[in-house]
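Asks: The structure that follows is given in the form of structure tokens.
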Amino acid sequence: MGRGNSVSEVKKRNIAGCCVIVIYMDKFADLHVHTVASDGALTPTQAVESAAEAGLAAIGISDHDTVGGIDEAIEAGKRLGVEIVPAIEISTMHGDKTEVHVLGYFFDHRAPALLETLEFLRNARWERGRQMVEKLNKAGVPVSFDRIAELAACGVIGRPHVARAICETGAAFSMDSAFGKYLNEGGVGFVPRYKVTPFEAIRLIRSAGGVACCAHPVKLKNMNLLNEMIEEGMQAIEVYHPDHTSAISRFYRRFAQKRGLIITGGSDAHCFPNDTHPCIGGISVIYDAVTELKLAAEAAVK
Ligand SMILES: [Zn+2]
Ligand SMILES: [Zn+2]
């Protein structure tokens with residue numbers, strides 16, 4: 001949703017004999033923002049400052065698998081007049097190949113059960129990566145954990161990242177051969193994974209009183225999966241995202257309307273210098289989305 005038509009109404013009024021032009025602006029929200037708490041470049045405070053500069057009414061601080069940036073953002077938001085939507089982007093796997101990012105909004109970000117699970121998930125993924133590196137090194141493949149973490153862009157470390165690192169060392173010539181030689185079950189670098197499914201993420205968000213939302217659905221290319229996620233309790237979908245063309249956004253907007261989902265959107269900003277991705281406010285939605293998410297979360301808790 002563009003922000004070009006943000007002036008919804010312009011009225012002239014006579015106040016104390018003076019002609020004053022009053023401009024009623026629509027309020028906007030960017031519901032997908034990353035900070036240094038995960039893999040963004042800005043501190044939560046800087047992210048809120050950037051949102052204030054962009055004229056946003058609200059932002060969702062939606063770091064990967066952590067709520068570590070939310071409290072600082074709330075404090076900055078109070079000072080700068082920007083509403084902070086407590087959010088998260090949980091990385092999950094459907095089957096062996098499909099990575100699904102599940103956004104959560106307006107949950108209790110201090111709920112002990114939620115914090116415990118998030119910490120467990122973060123540790124489990126990194127630990128598995130380290131174990132794979134150890135096994136591969138023992139087998140004479142000189143991969144480094146730092147390189148794998150870099151390839152994973154600090155998100156979920158998965159076997160494809162390890163396979164790429166193996167290829168870079170010359171120990172395999174293609175992703176397929178890296179899997180075949182080292183990473184498939186029975187291979188010297190294989191470590192079984194603790195899997196979080198999109199359905200578990202939805203349940204986790206809902207159990208903390210929040211609304212679950214499918215992030216950038218274009219990456220899934222799987223309508224059956226989306227329908228299953230709705231059956232599991234997902235109530236929103238990210239229609240507006242930098243990876244969505246306007247035709248794709250239209251497609252998911254129609255899908256959302258048909259299935260009664262709340263329509264969200266955001267920049268997915270990480271804000272690194274020279275980033276070709278939009279920064280905060282580069283993509284935003286009308287503030288109504290915030291109200292709808294809030295009401296849905298409140299209704300779920302009742
Ligand atoms: Zn994502
Ligand atoms: Zn993201």
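Just so you know, all these numbers are worked out from the coordinates, no wet-lab data involved. No experiment lies behind these values; they were computed from the predicted model shown. Cβ coordinates were reconstructed from backbone atoms using ideal geometry, including for glycine residues, and neighbour counts include every protein chain displayed.
Asks: Once you place label points 7 Å from the Cα toward the Cβ at residue 194 and residue 127, how far apart are they in nm?
Replies: My value for the distance between the label points is 0.5 nm.
Asks: Note the direction-averaged projected area, equal to a quarter of the hull surface, for the Cα convex hull of the stretch 123-183, in nm².
Replies: For the Cα atoms of the stretch 123-183, the hull's average projected area reads 3.5 nm².
Asks: Nearest 10 degrees, 0 to 90: what angle lies between the long axis of helix 159-169 and the longest principal axis of the chain (Cα atoms)?
Replies: The two axes meet at around 60 degrees.
Asks: Could you compute the FRET efficiency for residue 113 and residue 250, with r as their C-beta to C-beta distance and R0 at 41 Å, rounded to 0.05?
Replies: FRET efficiency, residue 113 to residue 250: 0.60.
Asks: Return the long-range amide H neighbours of residue 281 (sequence gap of 5 or more, or a different chain), with a cut-off of under 5 Å between placed amide H atoms.
Replies: Those lying under 5 Å, H to H, from residue 281 are 267.
Asks: Return the equivalent ellipsoid semi-axes of the stretch 160-299 as a descending list in whole Å, where each equals the square root of 5 times an eigenvalue of the C-alpha gyration tensor.
Replies: So the three semi-axes of the stretch 160-299 are 34, 21, 14 Å.
Asks: Tell me the Rg and the Dmax, in Å, that the Cα atoms of the chain produce.
Replies: 21.4, 85
Asks: Taking amide H atoms as placed 1.01 Å from N in the peptide plane, list the residues 5 or more away in sequence, or in a different chain, whose amide H sits under 5 Å from that of residue 65.
Replies: Those qualifying (amide H under 5 Å, at least 5 residues apart or on another chain) are 89, 90, 91.
Asks: Please give the peptides 227-239, 165-177 ranked by average Cβ packing (other Cβ atoms within 10 Å per residue), highest first, as a rough proxy for protection.
Replies: The packing order, highest mean first, is 227-239, 165-177.
Asks: Shifting gears a bit: Too long at a 25 Å Cα-Cα cut-off: which of 138/181; 181/221; 78/294; 78/219?
Replies: With Cα atoms farther than 25 Å apart: 181/221; 78/219.
Asks: Skipping prolines and chain starts, which residues have an amide H placed within reach, meaning under 5 Å, of the one on residue 100, given they are 5 or more residues away or on another chain?
Replies: Hits under the 5 Å cutoff: 92, 93, 94.
Asks: In percent, how large is the relative contact order of the chain, given Cα pairs closer than 8 Å and 6 or more residues apart? Spell out each step's value before the answer.
Replies: On the way: 589 pairs, mean separation 63.7, N = 302.
Dividing the mean separation by the residue count of the chain yields 21 percent.
Asks: Right, another one. Could you order the peptides 294-300, 244-250 from most to least packed, using the average number of other C-beta atoms within 10 Å per residue?
Replies: Result, highest mean first: 294-300, 244-250.
Asks: Oh, and also: Along the stretch 117-125, what does the Karplus equation 6.51 cos²θ - 1.76 cosθ + 1.60 (θ = phi - 60°) give for ³J(HN,Hα), rounded to whole Hz, x for Gly and Pro?
Replies: Each residue of the stretch 117-125 in turn: 5, 4, 5, 4, 5, 4, 5, 4, 5 Hz.
Asks: Okay, next question. Between helix 70-80 and the chain, what is the angle of the helix's C-alpha long axis to the longest principal axis, kept within 0 to 90° and rounded to the nearest 10?
Replies: 20
Asks: Based solely on its DSSP helices, what 222 nm [θ] is calculated for the chain when runs of n ≥ 4 H residues each add -39,500 (n - 2.57) and the sum is averaged over all residues, nearest 500 deg cm²/dmol?
Replies: Result for the chain: -12000 deg cm²/dmol, rounded to the nearest 500.
Asks: Rounding to the nearest 20 debye, state how big the charge dipole of the chain is about its Cα centre with +1 on each Lys and Arg Cβ and -1 on each Asp and Glu Cβ.
Replies: In total the dipole reaches around 620 debye.
Asks: Between 180, 68, 77, where does the largest GNM mean-square fluctuation fall for the chain, given springs only between Cα atoms within less than 10 Å?
Replies: Comparing 180, 68, 77 in a Gaussian network model of the chain, the most mobile one is 180.
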